[in-house]
1. Could you list all residues from the range 202-239 that are part of a strand (DSSP E or B), surrounded by fewer than 17 Cβ atoms within 10 Å (Cβ to Cβ) and in contact with a helix residue (DSSP H, G or I) (Cβ under 8 Å, 6 or more places away or on another chain)?
2. Report yes if some residue within the range 119-138 is β-branched (Val, Ile, Thr), assigned to a helix (DSSP H, G or I) and touching a residue at least 12 places away in the same chain (Cβ under 8 Å); otherwise report no.
3. Name the helices (runs of 4 or more DSSP H) wholly within the range 29-93 that hold at least 3 residues that are away from the ligand (no atom under 11 Å from the Cβ) and at pLDDT 95 or above?
4. Any residue in the range 376-386 that is in contact (Cβ under 8 Å) with a residue 12 or more places away in the chain, under 19 Å from the mean Cα position of the chain (by Cα) and buried (at least 16 other Cβ atoms within 10 Å of the Cβ)?
5. When residues of the range 262-305 are filtered for being of a type outside the set (Lys, Arg) and exposed (fewer than 15 other Cβ atoms within 10 Å of the Cβ), how many remain?
6. Hand me the list of strands (runs of 3 or more DSSP E) wholly inside the range 240-318 holding 1 or more residues that are within 22 Å of Phe144 (Cα to Cα) and polar (S, T, N, Q).
7. Which condition number in (1) in contact (Cβ under 8 Å) with a residue 60 or more places away in the chain; (2) part of a loop (DSSP other than H, G, I, E, B); (3) aliphatic (A, V, I, L, M) is the one that Leu371 fails?
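The values are calculated or read from the model by the stated rules, or taken from the named source; none is laboratory data. Remember, it's a predicted structure, so these values are computed and weren't measured experimentally. Ideal geometry is used to build each Cβ from the backbone, glycine not excepted, and the neighbour counts take in all protein chains shown.
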Amino acid sequence: MNSATLSAVPPVASSPRAVARVGFLGAGEFISFQHLPNVSLIASSRVHAICDLDTRRLESHAAKYRPAYTTRDHRRLLEDPEVDVVIIGTKQDLHARFIVEALDAGKWVMCEKPMAETPEETARVLDAERRAKGRLAIGFNRRFAPAYARMKRLLAAQKPPIYLNYRLMFPSPQKDRGFYADKARILYEGTHIFDLLCWLLDAAPERVYMTGDLTRNNICVLEFPGGSRASFMCGSMGSYFLWKESLEAFTHYASIVVSEFIDMRVRGIPGEFDAFYAPHLDRLGEEVRREGLDLYETRKSQEMMAEVRALDMPCERVVRPGRNFGPLPYRMEGASLLIPDKGWKASAEHFLNCFLAGTKPDNADGRAGTLSTDVALCALRSLEKGVPLAFTPSPV
Ligand SMILES: NC(=O)c1ccc[n+]([C@@H]2O[C@H](COP(=O)([O-])OP(=O)(O)OC[C@H]3O[C@@H](n4cnc5c(N)ncnc54)[C@H](O)[C@@H]3O)[C@@H](O)[C@H]2O)c1
């Protein structure tokens with residue numbers, strides 16, 4: 001994890017380009033929601049090609065983003081010398097395979113999480129990363145969320161031990177069917193948070209314990225060197241009307257709490273104060289920066305009413321005591337305007353700019369992707385055995 005080992009990675013060839021040409025491999029729901037619109041908004045990048053198996057989706061992307069071409073054959077994309085960076089957005093069962101193919105084709109590669117599902121896959125990815133000309137980034141975008149990036153800077157100045165607590169709880173009935181029905185949430189979503197916790201502490205855990213069920217709801221405890229500890233509740237219980245994620249950090253006489261990436265409270269660190277962070281793409285940024293989480297939650301609950309009614313869940317608009325923000329002052333045109341800034345755009349922009357500059361990106365690399373998968377697999381073994389387990393990171 002330390003910078004001395006990281007700098008052993010060979011230097012990358014610099015690129016004389018002004019614009020990074022991006023090829024998308026798998027452009028389903030998440031890529032349509034984030035990376036495609038983000039890449040099209042980033043001045044230094046261009047949507048060059050889109051590959052997916054779904055022809056209707058390809059037609060709709062072609063009309064919206066005007067790439068040079070769309071294809072159902074990923075080899076066409078990987079063989080295209082005009083594709084500089086490949087963004088992989090298939091589901092996790094294809095991540096490791098496509099990362100290896102794309103790196104071997106000489107591309108810079110950004111792949112969604114989790115990087116891999118098994119130790120054999122992580123080993124194959126690490127081998128490919130070692131021999132690659134390009135760089136690999138795993139989509140652990142939370143490292144680039146403004147509130148978390150600030151927390152990382154603040155914690156770096158604190159003396160260990162540090163205690164962290166992460167809560168990621170939100171209903172996801174759509175995942176009870178289809179691909180995710182028998183998949184462990186701790187692997188496909190928990191890896192995001194294992195990466196974040198290890199990144200915040202700049203360490204790998206020594207012991208891991210997890211309790212809960214096999215696929216949906218878990219509580220984990222991670223013991224880190226130097227006495228630091230993390231607890232992590234990951235699951236799909238609770239109401240749609242409470243925000244999904246919170247991060248809390250405690251050190252000697254200092255506390256930092258971030259709620260839904262929006263509301264950050266900093267106590268006990270001289271000169272550092274509370275802050276509200278604008279939602280993704282700064283939508284309604286002025287109001288949220290002024291009124292904070294109360295306004296965000298109230299408006300968000302109003303936006304979500306129609307969606308939640310269709311799910312047959314109890315639905316009641318959030319009303320904060322003493323605050324009356326009135327009815328939604330804008331028309332809902334489909335998508336919500338209030339999406340927290342989880343760092344999606346910033347993480348892609350940073351990676352693409354590093355490609356252009358020929359510099360080493362700060363995104364999570366293959367080593368970090370391996371660590372988060374290893375921790376998730378160790379947590380699942382601990383769940384099975386019902387005891388805490390010593391954790392040994394894979395050799396990288
Ligand atoms: N970072 C985040 O915040 C975040 C959030 C949600 C999802 N994700 C990740 O995004 C990824 C995609 O999730 P999704 O919900 O969009 O899935 P999805 O099923 O909607 O999209 C996957 C797409 O890949 C395509 N595909 C499958 N095989 C292919 C092949 N051989 N060649 C080309 N295309 C192929 C499918 O046709 C589909 O359109 C997952 O890894 C998920 O973990 C990340």
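1. Passing the criteria: only Thr211.
2. yes
3. By residue number, 35-41, 55-65.
4. yes
5. Going through the range 262-305 one residue at a time, the tally reaches 7.
6. Result: 245-251, 254-259.
7. Evaluating Leu371 over (1) in contact (Cβ under 8 Å) with a residue 60 or more places away in the chain; (2) part of a loop (DSSP other than H, G, I, E, B); (3) aliphatic (A, V, I, L, M) leaves (2) as the failure.
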